[in-house]
Structures are given as C-alpha cells and as structure tokens.
Amino acid sequence: MAKVSTNISLDPELKKASQELYSDLGLDLSTAITIFLKQSLRVQGLPFAVTKENPNAETIAAMNEYYEMKAHPEKYKRYTSFQDAMKDVLADA
C-alpha cells in the first residue's frame, strides 16, 4: 500500500516521551499513530473512553491537604529518611 506523509504539531516533551515509550514496545511513533487511527476506524470513534476527571471526596481531601502542605511546609514535620518517618509512625501506633 502506498503511503503519504503527514505533518502534525506536538509538544516536544510529549513527542520525546511517546517515542521512548513506543520504542520500549518495539514501535516507532509513525506505527503507533497508524495503530491509533486504524483502531479509531474500527470502533468508529476514539479507541478509549474520554471522560472528565471526577475525584471522590477522599481524593479531594488528599489534594487539599497536599496544597496546604505545599503552601505552608513550615507547619509540617520533615524526615531525613524513610526509616525515620516509619519509626515515628510506628511509635504512634
């Protein structure tokens, strides 16, 4: 089958990361895009679900805690190693 050349614009970081991933899978970027397009035609749409992120209450609370810790690191204890953190956690148990 004859092939045509197509130009697409990508963020350089996205392209590099994608090339590395597909290389690990034994593919080049052109082959990966071809697979995506063929699968799109087969399913007559995007070959994966496109959804809006909808975190649950626990995730929202964790995200809010992260933002608080990021904004005010002075309020939180820091550890020099994972082992030190585990000692502190186990001491409270």
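See the values below:
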{"item": "Sole exception among (1) outside any helix (DSSP H, G or I); (2) hydrophobic (A, V, I, L, M, F, W, C); (3) assigned by TED's automatic domain parsing to the domain that holds D88 for L27, by number", "result": "(3)"}
{"item": "Given (1) surrounded by fewer than 10 Cβ atoms within 10 Å (Cβ to Cβ); (2) more than 21 Å from V4 (Cα to Cα), number of the condition E68 does not satisfy", "result": "(1)"}
{"item": "Residue among S30, S9 that alone is polar (S, T, N, Q), surrounded by 11 or more Cβ atoms within 10 Å (Cβ to Cβ) and either without any contact (Cβ under 8 Å) to a residue 12 or more places away in the chain or in contact with a His (Cβ under 9 Å, 6 or more places away or on another chain) (or both)", "result": "S30"}
{"item": "Per-region count, region 36-93, residues among the small types (G, A, S), more than 20 Å from the chain's Cα centre (by Cα) and part of a helix (DSSP H, G or I)", "result": "6"}
{"item": "Total residues in region 34-60, condition aromatic (F, W, Y) and exposed (fewer than 11 other Cβ atoms within 10 Å of the Cβ)", "result": "1"}
{"item": "Filter pass, K87 being among the basic types (K, R) and surrounded by 11 or more Cβ atoms within 10 Å (Cβ to Cβ)", "result": "yes"}
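The values are calculated or read from the model by the stated rules, or taken from the named source; none is laboratory data. These figures come from a predicted structure and were not determined experimentally. Backbone-built Cβ (ideal geometry, glycine too); neighbour counts: all protein chains shown.
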